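Each remark here refers to the structure printed beneath this line.
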Amino acid sequence: MAIQLGDSPEEAAWRQEVRQFIEQEAPAELKTGGGGEGGLFGRMGAVKQWRDKVAEKGWIAPSWPKQYGGAEMSVVGQFIMNEEFAEAGVPSNVGGFGVMMIGPTLIEHGTEEQKEEHLGRILRGEVIWCQGYSEPGAGSDLAALQTRAVRDGDDYVLNGQKIWTTGAQYSDWMYMLARTDPEAPKHRGITYLLVDMKSPGITVQPLTTMAGTQTFNEVFFEDVRVPVQNRVGEENRGWYVGTTTLDFERSSIGSAIGVRKSLEGLMRRAKEGKESSFERSASVRHEFVDRWVEAEVAKMLSYRVISMQAAGMIPNYEASMCKLFTSELQQRIANLSMHLYGMHGNVINRSSMGYMQGVSATIAGGTTEVQKNIMATRGLGLPRG
């Protein structure tokens, strides 16, 4: 299918409206031009100010139906807004996992009581959500999870462990998958639950990465009681609810532009810094050219995904291609930063931090191996190995 690159008159007008909003309302300290959203914890006051401005416009939940407080934007409208936010270097997902993942899942699968309890609080920024999927023995093979939820009257009793849980130490609620029928085939017998993180029996242990950050956590559950009314969908059918949540996770225009903005920032520093080998090394300059071309390819892959969505199609292996290429490009740019500075890169904080933080890019959101399997089986039609 043809990839739509140009804006219609209506889309161009919407793009200009978004740009003007950013110019007039975004706090200066967020418009760094450095791309991405790293380092925002150090600027939380500005982030909150920006969130409030976005909320005033009604853009906190662009994809949600208006009846639930969303903007009900078209796919292309959301894409343009995210693209302009990314170009300006300001946060686009100011609603966190609540807006991006669990909110749409509740709209699709939740009861009216669950929607009433949670959706408004998510929009108002009153709660922080985390995702309880991965376990020590069930990451890429998520259906192998072993955390148990045993029905006891009007509650489930939860025992087990989750790992790599982003932001769990700050979260109020978790949406999670737990095994309710250990005798069933592994993709069945799984139930989707909403867990209050203040429940007795929950222990959160932050994990320190090689970069010295504590983004991820281990979460332990010991006889944690979860009301049955907090189940989303049917018992033992949670896998299918969970895949709905994962579908909301993958859309990459912000990432594609973010890596290009990182490259632009690195290029500026390369020309200004005395320690860089930009002027001395032809190979480093060639690397910059290669990375720039790849950043444009990443953007085109994102345009392909959005063109499919706008045409009413569901991207599958195409989204995996986009995710895989962009995450590996992020790592190649981090490598370039180290090549640029040589041994100085070990003491230049931004280079060394970016290099270490880039390790997780090909793990989070689905590992490289998983994406390649999807591309091979669903894209090329190869048999499962």
*Which of the following residues is of a type in the set (Gly, Ala, Ser), surrounded by fewer than 17 Cβ atoms within 10 Å (Cβ to Cβ) and closer than 21 Å to Met375 by Cβ: Ala298, Ala311?*
Ala311
*Name the single residue, out of those in the range 362-385 being among the hydrophobic types (A, V, I, L, M, F, W, C) and at pLDDT 90 or above, that is surrounded by the most Cβ atoms within 10 Å (Cβ to Cβ).*
Ile374
*Looking at Lys198, Lys186, which one is in contact with an Asp or Glu (Cβ under 9 Å, 6 or more places away or on another chain), surrounded by 15 or more Cβ atoms within 10 Å (Cβ to Cβ) and assigned to a loop (DSSP other than H, G, I, E, B)?*
Lys186
*asked:* For Cys322, only one of the following conditions fails: (1) at pLDDT 90 or above; (2) in contact with a strand residue (DSSP E or B) (Cβ under 9 Å, 6 or more places away or on another chain). What is its number?
replied: (2)
*Select from the range 73-83 the residues that are of a type outside the set (S, T, N, Q) and either crowded, with 21+ Cβ neighbours inside 10 Å or under 14 Å from Leu119 (Cβ atoms) (or both) and list them in ascending order.*
Phe79, Ile80, Met81, Glu83
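Each row is one residue, and each column tells you yes or no for (1) surrounded by fewer than 20 Cβ atoms within 10 Å (Cβ to Cβ); (2) farther than 25 Å from Thr362 by Cβ.
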| residue | (1), (2) |
| --- | --- |
| Glu235 | yes, yes |
| Gly238 | no, yes |
| Gly242 | no, no |
| Ile257 | no, no |
*Would you be able to say whether some residue in the range 267-281 is within 23 Å of the chain's Cα centre (by Cα) and surrounded by 18 or more Cβ atoms within 10 Å (Cβ to Cβ)?*
no
*Which members of the range 225-247 meet the condition of being at pLDDT 95 or above and acidic (Asp, Glu)?*
Glu234, Glu235
_Unmet criterion (only one of (1) over 24 Å from Ala13 (Cα atoms); (2) without any contact (Cβ under 8 Å) to a residue 24 or more places away in the chain; (3) surrounded by 16 or more Cβ atoms within 10 Å (Cβ to Cβ)) for Gln67_ = (3)
_From the options Met313, Met356, residue that is in a helix (DSSP H, G or I), among the aliphatic types (A, V, I, L, M) and over 17 Å from Ala86 (Cβ atoms)_ = Met356
*One residue from Glu72, Glu84 being part of a helix (DSSP H, G or I) and of a type in the set (Asp, Glu)*: Glu84
*For the range 352-369, which residues satisfy the criterion of being among the small types (Gly, Ala, Ser) and within 16 Å of the chain's Cα centre (by Cα)?*
Gly358, Ser360, Ala361, Ala364, Gly365, Gly366
*asked:* Suppose we filter the range 152-178 for residues that are surrounded by 14 or more Cβ atoms within 10 Å (Cβ to Cβ) and either in contact with a Lys or Arg (Cβ under 7 Å, 6 or more places away or on another chain) or in a strand (DSSP E or B) (or both); how many remain?
replied: 14
*Mind telling me which of the residues Glu25, Glu116, Glu83, Glu29 ends up being among the charged types (D, E, K, R), in contact with a helix residue (DSSP H, G or I) (Cβ under 8 Å, 6 or more places away or on another chain) and modelled with pLDDT of 90 or more?*
Glu25
_Any chance Lys115 is among the basic types (Lys, Arg), under 16 Å from Gln205 (Cα atoms) and either buried (at least 20 other Cβ atoms within 10 Å of the Cβ) or not assigned by TED's automatic domain parsing to the domain that holds Ile60 (or both)_ = no
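The values are calculated or read from the model by the stated rules, or taken from the named source; none is laboratory data. Please read these numbers as outputs of a predicted model, since none were measured by experiment. Please note: Cβ atoms are built from the backbone with ideal geometry, for glycine as well, and neighbour counts cover all protein chains shown.
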